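These notes concern the structure reproduced below.
Nothing in this text is a laboratory measurement; each read-out follows from the coordinates by a stated rule. Just so you know, these numbers come straight off a predicted model, no measurement behind them. As a convention, Cβ positions derive from the backbone with ideal geometry for all residues, glycine included, and neighbour counts pool all protein chains shown.
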Amino acid sequence: MTSFRLRPRFQIQTEEPEDSIVSKLRSKLESDNHPFDEVVIPDHYILKVKSADQHYWSPQLNLKFTREEGDDTLLISGRYEPHPNVWTLFMILYLAIGVLALFIAVLGFSRMSLGLAAPILWILPVLAALAIFLYVLTQLGQKLGAEQTFDLHHFLEEAIGRDIHID
C-alpha cells in the first residue's frame, strides 16, 4: 500500500454469497473493539474510521460486490480512498488547474500566432508546479492515513479469513 496510486485497490473472487461476507465483517466489528463504522448499501459495503478517531486524511474502504448472471463466483472489488469530500476537493482543484491552463494556452498561443507578445504563457509552468504540488500533497496525505489504511486492510483480511494483495 505504499504505491503511488491515489486510491489503492484490489479484487478477490469467492464462492461465498455477499450476505455471508457482510455477516463476517459485522460479527468482527461487534466482537472486537475496532475504531470502525460501517455503511451498508445494496452491492456495497463501506468501512470507515469512527468520527472520534477520524482526521482529514482518514481513509475508508469501499467494497463493491458483483456477480455475473449464472456464475457462482462473487467478485469483491475494494478500494482504499479518502473521504468523498477530500476526493472531491482535489478533483475540483485539478479540474480548475486544467481548465485555467487550457484557456491560458489558447490565449497565449493565439497571441503568439498573431506576432504579439504572450507573457501570459509564463503562468503555465506555475500551474504545472501547482498540479505537482497537489499530487505531492495527496501522497503526503496518503502517508498520514497509512496506519489507518493498514488497520482497515488487516481488519478485512482477518474478517474474511484470507490474504489480499493490493494492486
Inset, instruction - Filter the range 39-53 down to residues that are of a type outside the set (Val, Ile, Thr) and in contact with a helix residue (DSSP H, G or I) (Cβ under 9 Å, 6 or more places away or on another chain) and give me whichever is surrounded by the fewest Cβ atoms within 10 Å (Cβ to Cβ). - result: Asp43
Legend entry - Residue tally, condition farther than 16 Å from Tyr80 by Cβ, assigned to a strand (DSSP E or B) and in contact with a Phe, Trp or Tyr (Cβ under 7 Å, 6 or more places away or on another chain), over the range 13-63: 0
Inset, instruction - State the number of residues belonging to the range 54-88 that are over 24 Å from Asp167 (Cβ atoms) and surrounded by 13 or more Cβ atoms within 10 Å (Cβ to Cβ). - result: 1
Inset, instruction - Of the conditions (1) assigned to a helix (DSSP H, G or I); (2) in contact (Cβ under 8 Å) with a residue 24 or more places away in the chain; (3) of a type in the set (Lys, Arg), Arg162 clears all except one; give me its number. - result: (1)
Legend entry - Of all residues making up the range 149-165, the number that are farther than 17 Å from Leu29 by Cβ and aliphatic (A, V, I, L, M): 1
Inset, instruction - Among the candidates Ala96, Ala117, Ala105, single out the residue that is aliphatic (A, V, I, L, M), assigned to a loop (DSSP other than H, G, I, E, B) and over 23 Å from Phe65 (Cα atoms). - result: Ala117
Legend entry - Breaking point among (1) under 23 Å from the mean Cα position of the chain (by Cα); (2) farther than 23 Å from Pro42 by Cβ; (3) loosely packed, with under 14 Cβ neighbours inside 10 Å, for Leu102: (1)
Legend entry - Close pairs from the range 75-86: first under 16 Å from Ala146 (Cβ atoms), partner basic (Lys, Arg) and part of a strand (DSSP E or B), Cβ under 9 Å, at least 6 apart: Arg79/Arg9; Arg79/Lys64; Tyr80/Arg9; Glu81/Arg9; His83/Lys48
Inset, instruction - Would you check if there is a residue in the range 53-65 being at negative phi and either over 20 Å from the mean Cα position of the chain (by Cα) or β-branched (Val, Ile, Thr) (or both)? - result: no
Inset, instruction - Run down Ile160, Ile166 and say which single residue is β-branched (Val, Ile, Thr) and in contact with a Leu (Cβ under 8 Å, 6 or more places away or on another chain). - result: Ile160
